[in-house]
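The values are calculated or read from the model by the stated rules, or taken from the named source; none is laboratory data. Just so it is clear, the model here is predicted, and its values are computed rather than measured. Here the Cβ positions follow ideal geometry from the backbone for every residue, glycine too, while neighbour counts run over all protein chains shown.
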Ligand SMILES: [Zn+2]
(Lines give C-alpha, C1' and ligand atoms only; values in the text may rest on other atoms or scores of the structure.)
Protein backbone atom coordinates (compact mmCIF):
# COMPACT_ATOMS: atom_id res chain seq x y z
CA UNK A 1 0.00 0.00 0.00
CA UNK A 2 1.21 3.50 -0.84
CA UNK A 3 -0.02 6.49 1.18
CA UNK A 4 -2.08 8.64 -1.17
CA UNK A 5 -2.81 12.32 -1.41
CA UNK A 6 -6.16 13.11 0.15
CA UNK A 7 -8.34 16.16 0.18
CA UNK A 8 -7.35 18.41 3.09
CA UNK A 9 -9.37 20.78 5.24
CA UNK A 10 -9.24 24.34 3.89
CA UNK A 11 -6.84 26.44 5.97
CA UNK A 12 -8.16 29.75 7.27
CA UNK A 13 -6.01 32.38 5.55
CA UNK A 14 -5.53 35.76 7.19
CA UNK A 15 -3.19 38.75 6.73
CA UNK A 16 -0.74 37.25 9.23
CA UNK A 17 -0.19 34.08 7.19
CA UNK A 18 -1.31 34.72 3.62
CA UNK A 19 2.29 34.93 2.33
CA UNK A 20 2.82 31.33 3.51
CA UNK A 21 -0.19 30.06 1.61
CA UNK A 22 0.56 32.06 -1.54
CA UNK A 23 4.09 30.63 -1.55
CA UNK A 24 2.69 27.13 -1.13
CA UNK A 25 0.63 27.68 -4.28
CA UNK A 26 3.95 28.49 -6.01
CA UNK A 27 5.53 25.27 -4.70
CA UNK A 28 7.56 26.94 -1.94
CA UNK A 29 7.68 26.24 1.79
CA UNK A 30 8.34 29.33 3.92
CA UNK A 31 9.21 29.79 7.58
CA UNK A 32 9.40 32.96 9.62
CA UNK A 33 12.75 34.30 10.86
CA UNK A 34 13.29 36.82 13.59
CA UNK A 35 15.66 39.65 12.68
CA UNK A 36 16.36 40.40 16.36
CA UNK A 37 17.19 37.01 17.89
CA UNK A 38 17.93 35.35 14.50
CA UNK A 39 15.76 32.32 15.29
CA UNK A 40 13.38 30.65 12.83
CA UNK A 41 9.98 29.64 14.16
CA UNK A 42 6.98 27.55 13.14
CA UNK A 43 4.01 27.96 12.85
CA UNK A 44 4.61 31.46 11.46
CA UNK A 45 3.62 34.51 13.47
CA UNK A 46 3.83 38.30 13.10
CA UNK A 47 5.75 38.55 16.38
CA UNK A 48 8.66 36.26 17.25
CA UNK A 49 7.54 33.72 19.89
CA UNK A 50 11.04 33.73 21.39
CA UNK A 51 11.70 37.46 21.91
CA UNK A 52 8.40 39.07 20.83
CA UNK A 53 10.16 41.23 18.27
CA UNK A 54 7.88 42.60 15.56
CA UNK A 55 10.79 42.41 13.09
CA UNK A 56 10.11 39.01 11.51
CA UNK A 57 10.56 38.08 7.86
CA UNK A 58 9.60 35.21 5.55
CA UNK A 59 12.34 32.98 4.19
CA UNK A 60 12.11 30.11 1.74
CA UNK A 61 13.28 26.75 3.06
CA UNK A 62 15.14 24.10 1.11
CA UNK A 63 12.07 21.91 1.62
CA UNK A 64 14.11 19.08 3.12
CA UNK A 65 13.92 17.46 6.54
CA UNK A 66 13.73 14.27 8.57
CA UNK A 67 10.80 12.53 10.23
CA UNK A 68 10.86 13.33 13.97
CA UNK A 69 7.87 11.08 14.74
CA UNK A 70 4.83 9.72 12.92
CA UNK A 71 1.65 7.68 13.33
CA UNK A 72 -0.34 5.81 10.70
CA UNK A 73 -4.12 6.05 11.08
CA UNK A 74 -4.94 2.46 10.18
CA UNK A 75 -8.67 2.81 10.55
CA UNK A 76 -9.02 5.95 8.42
CA UNK A 77 -10.16 5.75 4.80
CA UNK A 78 -7.88 6.40 3.07
CA UNK A 79 -5.16 5.41 5.54
CA UNK A 80 -2.94 8.43 6.26
CA UNK A 81 0.29 9.15 8.12
CA UNK A 82 0.57 12.19 10.35
CA UNK A 83 4.11 13.25 11.19
CA UNK A 84 6.33 15.86 12.71
CA UNK A 85 9.14 16.70 10.28
CA UNK A 86 12.22 18.63 11.40
CA UNK A 87 13.39 20.89 8.57
CA UNK A 88 17.05 21.50 7.81
CA UNK A 89 16.41 25.06 8.98
CA UNK A 90 15.78 23.73 12.50
CA UNK A 91 12.02 23.95 13.02
CA UNK A 92 9.66 21.01 13.37
CA UNK A 93 6.27 21.11 11.66
CA UNK A 94 3.15 18.96 11.63
CA UNK A 95 2.47 17.37 8.23
CA UNK A 96 1.44 14.22 6.37
CA UNK A 97 3.75 11.76 4.65
CA UNK A 98 2.63 10.67 1.16
CA UNK A 99 3.92 8.50 -1.72
CA UNK A 100 5.41 6.04 0.76
CA UNK A 101 4.66 2.55 2.03
CA UNK A 102 3.52 3.02 5.65
CA UNK A 103 5.45 -0.12 6.64
CA UNK A 104 8.75 1.48 5.62
CA UNK A 105 8.38 4.80 7.47
CA UNK A 106 10.90 5.33 10.24
CA UNK A 107 12.02 8.05 12.64
CA UNK A 108 14.99 9.91 11.16
CA UNK A 109 13.98 9.17 7.56
CA UNK A 110 14.84 11.88 4.98
CA UNK A 111 11.83 13.52 3.34
CA UNK A 112 11.21 16.43 0.97
CA UNK A 113 8.30 18.78 0.59
CA UNK A 114 5.48 17.98 -1.83
CA UNK A 115 2.15 19.71 -2.19
CA UNK A 116 -1.37 18.39 -1.86
CA UNK A 117 -4.57 20.36 -2.24
CA UNK A 118 -7.38 21.45 0.03
CA UNK A 119 -11.01 21.30 -1.08
CA UNK A 120 -10.81 24.90 -2.31
CA UNK A 121 -7.62 24.29 -4.28
CA UNK A 122 -5.19 25.82 -1.77
CA UNK A 123 -1.84 23.98 -1.86
CA UNK A 124 -0.93 22.23 1.41
CA UNK A 125 2.71 21.36 2.23
CA UNK A 126 3.27 17.62 2.69
CA UNK A 127 6.40 15.46 2.70
CA UNK A 128 7.51 12.36 0.82
CA UNK A 129 10.63 10.24 0.49
CA UNK A 130 13.02 11.91 -1.99
CA UNK A 131 13.17 8.78 -4.14
CA UNK A 132 9.40 8.45 -4.36
CA UNK A 133 7.93 8.25 -7.82
CA UNK A 134 4.50 9.48 -8.72
CA UNK B 1 3.86 16.64 64.22
CA UNK B 2 1.03 16.85 61.72
CA UNK B 3 1.60 18.86 58.55
CA UNK B 4 -0.18 22.16 58.10
CA UNK B 5 -2.45 22.68 55.09
CA UNK B 6 -3.93 25.89 53.71
CA UNK B 7 -7.00 24.00 52.48
CA UNK B 8 -8.65 20.60 52.83
CA UNK B 9 -10.82 18.44 50.60
CA UNK B 10 -13.96 17.81 52.63
CA UNK B 11 -16.17 16.05 50.08
CA UNK B 12 -15.91 14.13 46.81
CA UNK B 13 -18.42 12.46 44.51
CA UNK B 14 -18.15 10.46 41.30
CA UNK B 15 -21.34 10.17 39.28
CA UNK B 16 -22.27 6.48 38.84
CA UNK B 17 -23.61 6.92 35.31
CA UNK B 18 -21.45 6.06 32.31
CA UNK B 19 -24.10 6.83 29.71
CA UNK B 20 -26.48 9.66 30.56
CA UNK B 21 -29.14 9.47 27.85
CA UNK B 22 -31.88 10.81 30.12
CA UNK B 23 -30.01 13.62 31.86
CA UNK B 24 -28.78 17.06 30.76
CA UNK B 25 -25.22 18.23 31.34
CA UNK B 26 -26.29 20.99 33.81
CA UNK B 27 -28.26 18.33 35.71
CA UNK B 28 -25.12 16.19 35.95
CA UNK B 29 -23.17 19.21 37.29
CA UNK B 30 -25.82 19.72 39.97
CA UNK B 31 -26.05 16.01 40.87
CA UNK B 32 -22.31 15.72 41.43
CA UNK B 33 -22.31 18.99 43.39
CA UNK B 34 -25.03 17.64 45.66
CA UNK B 35 -23.19 14.34 46.05
CA UNK B 36 -19.94 16.01 47.09
CA UNK B 37 -21.68 18.41 49.49
CA UNK B 38 -23.55 15.51 51.15
CA UNK B 39 -20.27 13.62 51.39
CA UNK B 40 -18.74 16.63 53.14
CA UNK B 41 -21.72 17.18 55.46
CA UNK B 42 -22.37 20.62 53.96
CA UNK B 43 -25.15 22.20 51.90
CA UNK B 44 -25.15 24.54 48.97
CA UNK B 45 -25.79 27.44 51.38
CA UNK B 46 -22.23 26.92 52.64
CA UNK B 47 -20.70 27.32 49.15
CA UNK B 48 -19.20 30.75 48.44
CA UNK B 49 -16.65 29.78 45.77
CA UNK B 50 -17.29 27.89 42.51
CA UNK B 51 -14.87 26.42 39.97
CA UNK B 52 -15.62 24.81 36.60
CA UNK B 53 -13.88 24.23 33.27
CA UNK B 54 -14.13 26.30 30.11
CA UNK B 55 -16.58 23.90 28.45
CA UNK B 56 -19.24 23.97 31.20
CA UNK B 57 -22.67 24.73 29.69
CA UNK B 58 -23.77 28.23 28.80
CA UNK B 59 -21.62 30.98 30.25
CA UNK B 60 -19.77 28.42 32.36
CA UNK B 61 -19.59 29.49 35.98
CA UNK B 62 -22.28 32.13 35.50
CA UNK B 63 -24.82 29.72 34.00
CA UNK B 64 -24.00 26.91 36.42
CA UNK B 65 -24.17 29.20 39.46
CA UNK B 66 -27.62 30.31 38.37
CA UNK B 67 -28.78 26.74 37.62
CA UNK B 68 -27.68 25.52 41.06
CA UNK B 69 -28.71 28.71 42.84
CA UNK B 70 -25.27 29.39 44.29
CA UNK B 71 -24.53 32.61 46.12
CA UNK B 72 -20.86 33.27 45.30
CA UNK B 73 -18.14 35.69 46.21
CA UNK B 74 -15.45 33.91 44.21
CA UNK B 75 -15.41 32.08 40.85
CA UNK B 76 -12.79 30.70 38.48
CA UNK B 77 -13.10 28.88 35.15
CA UNK B 78 -9.48 28.18 34.31
CA UNK B 79 -9.39 25.92 31.28
CA UNK B 80 -6.46 23.55 30.80
CA UNK B 81 -8.39 20.61 29.33
CA UNK B 82 -8.39 17.44 31.39
CA UNK B 83 -5.98 18.87 33.96
CA UNK B 84 -8.38 21.72 34.84
CA UNK B 85 -9.79 20.20 38.04
CA UNK B 86 -6.39 19.81 39.71
CA UNK B 87 -5.63 23.39 38.65
CA UNK B 88 -8.93 24.29 40.34
CA UNK B 89 -7.87 22.56 43.57
CA UNK B 90 -4.75 24.74 43.65
CA UNK B 91 -6.64 27.90 42.78
CA UNK B 92 -9.26 27.10 45.44
CA UNK B 93 -6.47 26.62 47.98
CA UNK B 94 -5.03 30.02 47.07
CA UNK B 95 -8.43 31.72 47.19
CA UNK B 96 -9.16 30.18 50.60
CA UNK B 97 -5.71 31.17 51.91
CA UNK B 98 -6.35 34.74 50.71
CA UNK B 99 -9.71 34.83 52.47
CA UNK B 100 -11.64 35.13 49.21
CA UNK B 101 -13.87 32.13 49.96
CA UNK B 102 -14.35 29.47 52.64
CA UNK B 103 -16.07 26.61 50.82
CA UNK B 104 -15.12 26.03 47.18
CA UNK B 105 -17.13 23.71 44.95
CA UNK B 106 -15.47 22.21 41.83
CA UNK B 107 -17.64 20.39 39.27
CA UNK B 108 -17.13 18.49 36.00
CA UNK B 109 -19.80 16.87 33.83
CA UNK B 110 -20.36 15.86 30.24
CA UNK B 111 -22.16 13.46 27.88
CA UNK B 112 -19.87 12.52 24.97
CA UNK B 113 -21.32 8.98 24.80
CA UNK B 114 -24.95 10.03 24.86
CA UNK B 115 -24.21 12.71 22.28
CA UNK B 116 -22.24 10.27 20.13
CA UNK B 117 -19.24 12.58 20.00
CA UNK B 118 -16.17 10.90 18.61
CA UNK B 119 -13.04 11.66 20.58
CA UNK B 120 -11.01 11.27 17.43
CA UNK B 121 -11.02 14.68 15.76
CA UNK B 122 -9.24 17.82 16.87
CA UNK B 123 -11.49 20.24 18.72
CA UNK B 124 -12.48 23.25 16.68
CA UNK B 125 -11.90 26.47 18.60
CA UNK B 126 -12.91 28.71 15.70
CA UNK B 127 -11.28 30.54 12.81
CA UNK B 128 -9.13 32.63 15.14
CA UNK B 129 -7.12 29.72 16.54
CA UNK B 130 -3.63 30.66 15.36
CA UNK B 131 -2.37 27.13 14.80
CA UNK B 132 -5.46 26.08 12.86
CA UNK B 133 -4.19 26.23 9.26
CA UNK B 134 -0.92 24.58 10.20
CA UNK B 135 -2.52 21.58 11.90
CA UNK B 136 -6.13 20.86 10.84
CA UNK B 137 -5.30 19.97 7.21
CA UNK B 138 -3.18 17.06 8.41
CA UNK B 139 -5.87 15.15 10.29
CA UNK B 140 -4.69 15.51 13.89
CA UNK B 141 -6.71 13.33 16.26
CA UNK B 142 -6.24 12.74 19.95
CA UNK B 143 -5.08 9.20 19.18
CA UNK B 144 -2.43 9.97 16.56
CA UNK B 145 -1.02 12.89 18.54
CA UNK B 146 -0.41 10.70 21.60
CA UNK B 147 0.81 7.95 19.26
CA UNK B 148 3.56 10.24 17.96
CA UNK B 149 4.73 10.77 21.54
CA UNK B 150 4.79 7.01 22.05
CA UNK B 151 6.72 6.48 18.81
CA UNK B 152 9.36 9.05 19.76
CA UNK B 153 9.70 7.65 23.29
CA UNK B 154 10.21 4.20 21.80
CA UNK B 155 12.81 5.59 19.38
CA UNK B 156 14.86 7.40 22.02
CA UNK B 157 14.58 5.01 24.95
CA UNK B 158 13.73 1.61 23.51
CA UNK B 159 10.32 1.56 25.17
CA UNK B 160 8.17 -1.31 23.88
CA UNK B 161 4.47 -1.91 23.25
CA UNK B 162 4.60 -4.69 25.84
CA UNK B 163 5.85 -2.25 28.48
CA UNK B 164 3.07 0.23 27.66
CA UNK B 165 0.59 -2.64 27.87
CA UNK B 166 1.48 -3.25 31.53
CA UNK B 167 -0.21 0.06 32.38
CA UNK B 168 -3.52 -1.18 30.97
CA UNK B 169 -3.00 -4.57 32.65
CA UNK B 170 -2.62 -2.86 36.05
CA UNK B 171 -5.71 -0.68 35.49
CA UNK B 172 -7.75 -3.74 34.54
CA UNK B 173 -6.67 -5.62 37.66
CA UNK B 174 -8.11 -2.75 39.71
CA UNK B 175 -11.25 -2.25 37.61
CA UNK B 176 -12.42 -5.83 38.18
CA UNK B 177 -13.34 -4.79 41.73
CA UNK B 178 -15.18 -1.58 40.75
CA UNK B 179 -18.86 -2.27 40.11
CA UNK B 180 -19.22 1.03 38.25
CA UNK B 181 -16.24 0.49 35.92
CA UNK B 182 -17.09 0.35 32.21
CA UNK B 183 -14.48 -2.34 31.52
CA UNK B 184 -14.12 -4.96 34.25
CA UNK B 185 -12.32 -7.79 32.46
CA UNK B 186 -8.74 -8.42 33.52
CA UNK B 187 -6.52 -8.25 30.44
CA UNK B 188 -3.00 -9.49 29.71
CA UNK B 189 -0.06 -7.87 27.92
CA UNK B 190 -0.89 -10.13 24.95
CA UNK B 191 -4.50 -8.92 24.93
CA UNK B 192 -3.30 -5.31 24.67
CA UNK B 193 -0.70 -5.79 21.94
CA UNK B 194 -3.06 -8.04 19.97
CA UNK B 195 -5.95 -5.56 20.10
CA UNK B 196 -6.56 -3.63 16.87
CA UNK B 197 -4.05 -0.92 15.97
CA UNK B 198 -5.79 2.45 16.17
CA UNK B 199 -2.98 4.93 15.48
CA UNK B 200 0.26 3.03 15.49
CA UNK B 201 2.00 2.29 17.79
CA UNK B 202 -1.11 2.63 20.00
CA UNK B 203 -3.62 -0.23 20.11
CA UNK B 204 -7.25 -0.02 21.09
CA UNK B 205 -6.45 -1.15 24.64
CA UNK B 206 -3.79 1.58 24.97
CA UNK B 207 -6.64 4.11 24.71
CA UNK B 208 -9.01 5.27 27.45
CA UNK B 209 -12.74 4.78 27.36
CA UNK B 210 -15.36 7.35 26.35
CA UNK B 211 -17.96 7.89 29.06
CA UNK B 212 -20.55 10.30 30.34
CA UNK B 213 -20.80 11.38 33.94
CA UNK B 214 -18.89 13.73 36.12
CA UNK B 215 -17.47 14.43 39.51
CA UNK B 216 -17.18 17.11 42.15
CA UNK B 217 -14.90 18.22 44.97
CA UNK B 218 -15.50 20.45 47.97
CA UNK B 219 -12.41 22.34 49.16
CA UNK B 220 -12.68 24.10 52.53
CA UNK B 221 -10.65 26.24 54.88
CA UNK B 222 -8.84 24.47 57.77
CA UNK B 223 -11.26 25.67 60.46
CA UNK B 224 -14.22 24.11 58.62
CA UNK B 225 -12.29 20.87 57.99
CA UNK B 226 -11.57 20.62 61.72
CA UNK B 227 -15.27 20.90 62.50
CA UNK B 228 -16.19 18.31 59.84
CA UNK B 229 -13.88 15.59 61.16
CA UNK B 230 -11.30 12.99 60.11
CA UNK B 231 -12.62 12.19 56.65
CA UNK B 232 -11.25 15.52 55.38
CA UNK B 233 -8.00 15.31 53.43
CA UNK B 234 -5.20 17.87 53.41
CA UNK B 235 -4.07 19.68 50.26
CA UNK B 236 -0.32 19.74 50.96
CA UNK B 237 1.02 20.99 47.65
CA UNK B 238 -0.06 21.78 44.11
CA UNK B 239 1.73 22.68 40.90
CA UNK B 240 0.70 23.45 37.35
CA UNK B 241 2.51 24.08 34.07
CA UNK B 242 1.89 24.46 30.36
CA UNK B 243 3.84 23.01 27.44
CA UNK B 244 3.47 23.74 23.71
CA UNK B 245 5.38 23.31 20.46
CA UNK B 246 7.68 26.21 21.38
CA UNK B 247 8.01 27.85 17.97
CA UNK B 248 8.71 24.49 16.33
CA UNK B 249 11.19 23.10 18.90
CA UNK B 250 9.19 19.93 19.39
CA UNK B 251 10.22 17.31 21.96
CA UNK B 252 7.55 14.66 22.53
CA UNK B 253 9.41 12.64 25.18
CA UNK B 254 8.29 14.69 28.17
CA UNK B 255 5.21 16.49 29.50
CA UNK B 256 4.71 19.60 31.62
CA UNK B 257 4.58 17.25 34.63
CA UNK B 258 8.32 17.84 34.59
CA UNK B 259 7.54 21.28 35.99
CA UNK B 260 4.22 20.82 37.80
CA UNK B 261 5.53 17.87 39.83
CA UNK B 262 8.54 19.57 41.45
CA UNK B 263 6.42 22.63 42.28
CA UNK B 264 3.87 20.45 44.09
CA UNK B 265 6.47 18.32 45.89
CA UNK B 266 8.40 21.39 47.04
CA UNK B 267 5.27 23.04 48.39
CA UNK B 268 4.41 19.83 50.27
CA UNK B 269 7.98 19.31 51.49
CA UNK B 270 7.78 15.74 50.18
CA UNK B 271 9.31 13.57 47.45
CA UNK B 272 8.00 10.88 45.07
CA UNK B 273 9.40 8.23 47.44
CA UNK B 274 6.98 9.45 50.14
CA UNK B 275 3.89 8.68 48.02
CA UNK B 276 1.98 5.53 49.02
CA UNK B 277 -0.43 5.84 46.11
CA UNK B 278 -0.63 7.75 42.78
CA UNK B 279 -3.58 8.64 40.56
CA UNK B 280 -2.12 9.41 37.13
CA UNK B 281 -4.29 10.65 34.28
CA UNK B 282 -4.32 7.81 31.78
CA UNK B 283 -5.80 9.16 28.55
CA UNK B 284 -3.41 6.68 26.91
CA UNK B 285 -0.83 4.29 28.28
CA UNK B 286 1.95 6.58 27.01
CA UNK B 287 0.50 9.46 29.06
CA UNK B 288 1.08 7.49 32.26
CA UNK B 289 4.56 6.35 31.26
CA UNK B 290 5.87 9.83 30.45
CA UNK B 291 4.14 11.32 33.51
CA UNK B 292 5.71 8.82 35.93
CA UNK B 293 9.15 9.72 34.57
CA UNK B 294 8.43 13.45 34.61
CA UNK B 295 7.18 13.34 38.22
CA UNK B 296 10.40 11.63 39.28
CA UNK B 297 9.09 8.17 40.15
CA UNK B 298 11.89 6.88 37.88
CA UNK B 299 14.60 8.30 35.60
CA UNK B 300 13.64 9.70 32.19
CA UNK B 301 13.60 6.80 29.75
CA UNK B 302 13.18 4.13 32.44
CA UNK B 303 9.37 4.31 32.51
CA UNK B 304 9.00 1.12 30.50
CA UNK B 305 10.95 -0.89 33.04
CA UNK B 306 9.20 0.88 35.93
CA UNK B 307 5.66 -0.07 34.85
CA UNK B 308 6.50 -3.66 33.88
CA UNK B 309 5.77 -6.83 35.83
CA UNK B 310 2.85 -5.40 37.75
CA UNK B 311 4.69 -2.58 39.51
CA UNK B 312 1.53 -0.41 39.33
CA UNK B 313 -0.81 -3.11 40.69
CA UNK B 314 -2.02 -2.56 44.25
CA UNK B 315 -0.71 -5.25 46.59
CA UNK B 316 1.83 -6.38 43.98
CA UNK B 317 4.02 -3.46 42.94
CA UNK B 318 5.80 -0.54 44.56
CA UNK B 319 3.50 2.19 43.24
CA UNK B 320 -0.22 1.33 43.27
CA UNK B 321 -1.93 3.56 40.70
CA UNK B 322 -5.50 4.26 39.54
CA UNK B 323 -7.10 1.74 41.88
CA UNK B 324 -10.58 2.60 40.55
CA UNK B 325 -9.56 1.37 37.08
CA UNK B 326 -8.77 4.89 35.86
CA UNK B 327 -9.74 6.32 32.51
CA UNK B 328 -8.44 3.18 30.81
CA UNK B 329 -11.18 1.05 32.42
CA UNK B 330 -13.48 2.91 34.82
CA UNK B 331 -14.67 6.41 33.99
CA UNK B 332 -13.61 9.31 31.81
CA UNK B 333 -16.35 11.92 32.12
CA UNK B 334 -16.41 14.36 29.20
CA UNK B 335 -13.02 13.05 27.98
CA UNK B 336 -11.35 14.72 30.97
CA UNK B 337 -9.49 12.72 33.56
CA UNK B 338 -8.14 14.68 36.50
CA UNK B 339 -11.36 14.97 38.54
CA UNK B 340 -11.70 11.21 39.02
CA UNK B 341 -7.98 11.06 39.80
CA UNK B 342 -8.47 13.31 42.84
CA UNK B 343 -11.58 11.40 43.90
CA UNK B 344 -9.80 8.01 44.02
CA UNK B 345 -6.79 9.53 45.83
CA UNK B 346 -9.19 10.87 48.49
CA UNK B 347 -10.84 7.43 48.79
CA UNK B 348 -7.40 5.88 49.35
CA UNK B 349 -6.47 8.41 52.04
CA UNK B 350 -9.78 7.84 53.82
CA UNK B 351 -9.38 4.07 53.60
CA UNK B 352 -12.57 3.96 51.51
CA UNK B 353 -11.16 2.38 48.34
CA UNK B 354 -12.37 -1.16 47.54
CA UNK B 355 -10.77 -3.53 50.10
CA UNK B 356 -9.12 -5.51 47.29
CA UNK B 357 -7.19 -2.42 46.15
CA UNK B 358 -6.93 -0.32 49.33
CA UNK B 359 -3.30 0.56 50.07
CA UNK B 360 -2.51 -0.26 53.74
CA UNK B 361 -1.82 2.80 55.93
CA UNK B 362 -2.19 5.16 52.97
CA UNK B 363 -1.30 8.55 54.46
CA UNK B 364 0.20 10.41 51.48
CA UNK B 365 -0.99 10.33 47.86
CA UNK B 366 -0.55 12.16 44.58
CA UNK B 367 -3.03 12.97 41.83
CA UNK B 368 -1.96 14.23 38.42
CA UNK B 369 -3.82 15.47 35.36
CA UNK B 370 -2.77 16.18 31.78
CA UNK B 371 -4.95 18.25 29.47
CA UNK B 372 -4.96 19.14 25.79
CA UNK B 373 -2.68 16.98 23.63
CA UNK B 374 0.85 16.13 24.70
CA UNK B 375 2.09 16.38 21.09
CA UNK B 376 0.75 19.92 20.70
CA UNK B 377 -0.23 22.12 23.62
CA UNK B 378 -0.97 20.67 27.01
CA UNK B 379 -1.42 21.56 30.64
CA UNK B 380 -0.22 19.50 33.58
CA UNK B 381 -1.30 19.76 37.19
CA UNK B 382 -0.16 17.82 40.25
CA UNK B 383 -1.59 17.78 43.75
CA UNK B 384 -0.13 16.14 46.87
CA UNK B 385 -2.73 15.08 49.40
CA UNK B 386 -2.38 13.89 52.97
CA UNK B 387 -4.59 12.00 55.45
CA UNK B 388 -5.84 14.12 58.34
CA UNK B 389 -3.10 12.76 60.66
CA UNK B 390 -0.30 12.99 58.05
ZN1 LIG C 1 13.13 36.80 18.19
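Of the conditions (1) assigned to a helix (DSSP H, G or I); (2) within 30 Å of residue A:11 (Cβ to Cβ); (3) away from chain A (no Cβ under 14 Å), residue B:146 clears all except one; give me its number.
Tallying (1) assigned to a helix (DSSP H, G or I); (2) within 30 Å of residue A:11 (Cβ to Cβ); (3) away from chain A (no Cβ under 14 Å), residue B:146 fails exactly one: (3).
Which ones in the stretch A:46-67 are closer than 26 Å to residue B:252 by Cα and surrounded by 12 or more Cβ atoms within 10 Å (Cβ to Cβ)?
The answer is A:47, A:48, A:49, A:50, A:51, A:61, A:63, A:64, A:65, A:66, A:67.
For the stretch B:272-282, which positions are part of a loop (DSSP other than H, G, I, E, B) and in contact with a helix residue (DSSP H, G or I) (Cβ under 6 Å, 6 or more places away or on another chain)? Steps first, answer last, please.
Residues of the stretch B:272-282 that are part of a loop (DSSP other than H, G, I, E, B), as a first pass: B:275-276, B:281-282.
Within the stretch B:272-282, B:281, B:282 meet the criteria.
With respect to residue A:80, determine if the residue is out of contact with any strand residue (DSSP E or B) (no Cβ under 7 Å at 6 or more places or on another chain), facing chain B (nearest Cβ under 10 Å) and either under 29 Å from residue B:155 (Cα atoms) or at pLDDT 95 or above (or both).
No; evaluated as a whole, the condition is false for this residue.
Limited to the stretch A:103-125, what total is found for residues that are buried (at least 18 other Cβ atoms within 10 Å of the Cβ) and under 25 Å from residue B:154 (Cβ atoms)?
Going through the stretch A:103-125 one residue at a time, the tally reaches 3.
What are the pairs with Cβ atoms under 8 angstrom where one residue, in the stretch B:245-269, is more than 14 Å from chain A (Cβ to nearest Cβ) and the other, located anywhere, is part of a loop (DSSP other than H, G, I, E, B)? Sequence gap at least six, or different chains.
Correct list of pairs: B:255/B:374; B:261/B:296; B:262/B:296; B:265/B:271; B:265/B:296; B:268/B:3; B:269/B:3.
For residues that are surrounded by fewer than 17 Cβ atoms within 10 Å (Cβ to Cβ) and away from the ligand (no atom under 12 Å from the Cβ), scanning just the stretch A:25-45, find the one that is nearest to the other protein chains (Cβ to nearest Cβ).
Once the filter is applied, the top-ranked residue is A:25.
If you go through the stretch A:93-106 one residue at a time, do you hit one that is within 16 Å of the ligand (Cβ to nearest atom), over 23 Å from residue A:1 (Cβ atoms) and facing chain B (nearest Cβ under 9 Å)?
Scanning the stretch A:93-106, I find no residue that is within 16 Å of the ligand (Cβ to nearest atom), over 23 Å from residue A:1 (Cβ atoms) and facing chain B (nearest Cβ under 9 Å), so the answer is no.
I'd like to verify a number: residues in the stretch A:49-66 that are more than 8 Å from chain B (Cβ to nearest Cβ) and within 13 Å of the ligand (Cβ to nearest atom), how many?
Qualifying residue count, the stretch A:49-66: 7.
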